[in-house]
Amino acid sequence: MVINAAALTYHARRIHSSQDFVIEELVGLLVVARVCSDEGRERHRYTYSRQQRIRATRNNLRLVGIRSHWSGQSRTLEEVTSLYPEHRLLDGAVAEEDGRIHRWVYLLGPIARNRRVRVGIKQVFEDTYAAMKPYYRESGEDHRVQKLSVRVRFACDEAPFAAWQVVWKRSKSGSTRQEVSRDECRPIIDPDTGGVVYELVPRLWTLAV
């Protein structure tokens with residue numbers, strides 16, 4: 001079994017620069033499934049969805065940036081789509097020096113300051129070339145996140161033996177990170193799918209800085 005642990009990692013950063021929008025709510029879900037290739041090699045398919053409710057902090061907001069990073073490698077192109085058909089996804093496609101791929105949701109028109117809108121992406125990835133590392137990180141990157149929800153779902157026979165939720169805080173310069181807390185996640189059974197779900201406990205993760 002390739003994945004023997006899952007870490008739910010939340011990065012909190014104090015932002016002093018101006019922002020185009022604030023993330024009022026961020027919901028992340030990663031579904032991990034084992035698949036076999038035609039050659040009999042075992043790999044995993046990762047279906048990732050990220051939904052955001054944002055509030056514009058300036059007029060004429062058209063683009064909402066979303067960055068993603070995968071520690072695994074695939075021989076095939078990723079499948080990435082917008083969760084909302086009324087929006088268009090602009091895909092950078094190529095990872096930059098930091099390993100992240102930059103994408104933007106185009107709202108197909110401007111929205112005014114203080115207007116709220118929901119955006120999101122769905123991404124499917126298989127680690128056919130190099131296996132994913134056993135962690136899942138979620139954050140607002142350079143944007144404030146007021147409410148965060150993170151879940152990882154496995155089939156019952158694929159669930160890890162243990163999982164932890166870890167809170168990291170970055171320095172003001174962003175160059176270093178400090179672990180603030182580490183708590184074990186207890187698995188729950190998803191009544192809709194029958195899978196095993198590890199969910200970030202929300203008691204401390206509502207953040208307004």
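Which members of the range 1-48 meet the condition of being at pLDDT 80 or above and of a type in the set (D, E, K, R)?
20, 24, 25, 34, 43, 45
Hey, any hits in the range 109-123 for a residue that's among the polar types (S, T, N, Q) and under 16 Å from the mean Cα position of the chain (by Cα)?
Scanning the range 109-123 turns up at least one residue that is among the polar types (S, T, N, Q) and under 16 Å from the mean Cα position of the chain (by Cα).
Anything in the range 128-145 that is basic (Lys, Arg) and under 26 Å from residue 44 (Cα atoms)? List them, or say none.
Those that are basic (Lys, Arg) and under 26 Å from residue 44 (Cα atoms): 133, 137.
When you go through 152, 166 one by one, which is the residue that is modelled with pLDDT of 80 or more, in contact with a strand residue (DSSP E or B) (Cβ under 6 Å, 6 or more places away or on another chain) and closer than 21 Å to residue 35 by Cβ?
Within the list 152, 166, the selection yields 152.
Just the residues that are of a type in the set (Phe, Trp, Tyr) and surrounded by 17 or more Cβ atoms within 10 Å (Cβ to Cβ), please, taken from the range 105-156.
Of everything in the range 105-156, those that are of a type in the set (Phe, Trp, Tyr) and surrounded by 17 or more Cβ atoms within 10 Å (Cβ to Cβ) turn out to be 125, 136, 154.
Out of the range 49-69, which residues are touching a Gly at 6+ places or on another chain (Cβ under 8 Å) and at pLDDT below 90?
If the condition is that a residue be touching a Gly at 6+ places or on another chain (Cβ under 8 Å) and at pLDDT below 90, then 69 is the only one that fits.
The values are calculated or read from the model by the stated rules, or taken from the named source; none is laboratory data. As the structure is a computational prediction, the values presented were derived from the model and not from experiment. Neighbour counts are summed over all protein chains in view; Cβ atoms, including those assigned to glycine, are modelled from backbone coordinates with ideal geometry.
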